Amino acid sequence: MFAPGSGLLETTLDEPVSETVMRDLREVGSKLKLVVLPRMSQAGVLERLKAWDLWGPLAVCLTLSIALCITAPEPQRALVFAAVFVVVWVGAAVVTLNAQLLGGTISFFQSVCVLGYSIFPLNCAAVFNLVLRQIPRTSVRVVATRE
């Protein structure tokens with residue numbers, strides 16, 4: 001990162017790992033918030049998303065793959081995990097390549113980043129499904145009484 005006007009390069013090599021991890025987690029959280037709840041102006045959202053990263057999309061994709069593989073039958077778990085992981089990343093690459101071939105000005109990694117974050121609602125649904133599966137199924141009978 002360049003410090004404006006100083007001509008010097010600011011590095012983070014000497015900062016503690018905990019600070020680096022927390023900074024990255026805050027950045028991932030803010031980008032998830034931008035993708036799920038874009039309340040700023042369109043230009044503001046696009047400016048924030050130009051600083052792409054692949055840690056957030058990787059975490060989102062891994063969480064989705066794990067959540068879906070847990071709900072799969074035992075012999076198919078590895079296949080489900082691999083299929084979800086490959087479909088998400090290859091699909092993002094194909095969509096990005098298509099956008100660039102059609103004359104889009106978005107960078108490859110920026111597009112992959114946004115597409116990776118955009119599957120977060122699917123993640124929420126998969127985790128919610130996992131939670132629902134843990135609730136014991138009991139039959140509830142409602143008895144209507146006449147007054």
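Structure above, values below:
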| read-out | value |
| --- | --- |
| Share of carbon and sulfur in the accessible heavy-atom surface of region 17-93 [1.4 Å probe, %] | 72 |
| Spin-label model distance (nm) - ASP24 vs GLN134, 7 Å beyond Cα toward Cβ | 2.7 |
| LEU32, LEU101, LEU13, LEU37, reordered so the largest accessible area comes first (probe 1.4 Å) | LEU13, LEU101, LEU37, LEU32 |
| Within-11-Å neighbourhood charge of PHE109 [Cβ basis; K, R +1; D, E -1] | 0 |
| Additional length obtainable on full extension of the chain from GLU74 to LEU102, 0.36 nm per residue less Cα span | 5.8 nm |
| In Å², nearest 10: area of ARG23 left accessible to a 1.4 Å probe | 80 |
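The values are calculated or read from the model by the stated rules, or taken from the named source; none is laboratory data. Note that this is a predicted model, so its numbers are computed, not measured. Cβ sites come from the backbone with ideal geometry, for glycine too, and all protein chains shown count toward neighbours. When the accessible area is computed, the model is the full protein with side chains, heavy atoms only, and any ligands, DNA or RNA have been set aside. Shrake-Rupley method; radii C 1.70, N 1.55, O 1.52, S 1.80 Å.
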